[in-house]
Amino acid sequence: MRPAWKKAAERADKPAYSSQEVGQAISEAAARDWRSEVPDSCVRRLGEIFRNRQLHLLEDSRAAQFAALRRSLEGTGGLGGVLLDCAEQAAGRGKFGEEALREAVSDAVSDWVARSAKQMEEHYLPTSTKRGVNMRDRVGEAMREISYDALTDHALRVGDRPVQRSKRQEGLDDGVALP
């Protein structure tokens with residue numbers, strides 16, 4: 001499990017944390033996953049695909065564009081694939097425009113949270129049942145506290161995030177910074 005999801009699982013495992021606090025930790029973990037696994041270029045490209053109404057009539061062309069986008073996401077993580085699955089489903093239902101993009105992102109985020117919550121539950125199940133904590137109920141309550149609209153809004157803010165570039169090493173003295 002990634003550190004943010006581990007933090008959320010630890011909160012869910014401790015009755016001292018409220019369901020709102022657990023839900024906040026789950027939201028933060030999902031937002032981190034989105035930032036690390038779904039490039040802004042993918043969201044932009046999906047927006048272009050959904051805005052092109054002519055492609056709505058040409059299913060083969062749209063399918064080829066989804067396939068090309070899927071290939072470009074190889075190695076970035078599972079959330080991009082979930083997003084493309086949801087986008088293809090929205091396109092299959094005849095959706096287009098900003099509504100289709102928002103629906104695909106919303107479905108992908110909620111699906112990812114559900115998958116990760118199941119992983120949290122399975123990871124902590126042996127220890128939580130020994131102490132009398134029902135992890136499934138705690139995570140379920142927390143998931144009801146999550147604002148999926150806020151997570152979707154965050155995911156769709158493509159241009160607001162700064163581009164992170166690694167520092168270029170130029171000389172022999174450049175290396176790992178010492179404390």
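The values are calculated or read from the model by the stated rules, or taken from the named source; none is laboratory data. Please read these numbers as outputs of a predicted model, since none were measured by experiment. Note that we place each Cβ from the backbone using ideal geometry, even for glycine, and neighbour counts take in every protein chain shown.
Worth pointing out:
- Restricting 87, 68 to residues that are farther than 19 Å from residue 109 by Cβ and either aliphatic (A, V, I, L, M) or exposed (fewer than 14 other Cβ atoms within 10 Å of the Cβ) (or both) narrows the list to 68.
- Some residue of the range 101-114 being free of Cβ contacts under 8 Å to residues at least 60 places away in the same chain, under 13 Å from the mean Cα position of the chain (by Cα) and not in a helix (DSSP H, G or I): no
- Summed over the range 1-30, residues that are exposed (fewer than 15 other Cβ atoms within 10 Å of the Cβ), free of Cβ contacts under 8 Å to residues at least 60 places away in the same chain, not in a helix (DSSP H, G or I) and not basic (Lys, Arg) total 2.
- Candidates 109, 82, filtered to the one that is at pLDDT 90 or above and touching a Ser or Thr at 6+ places or on another chain (Cβ under 8 Å): 109
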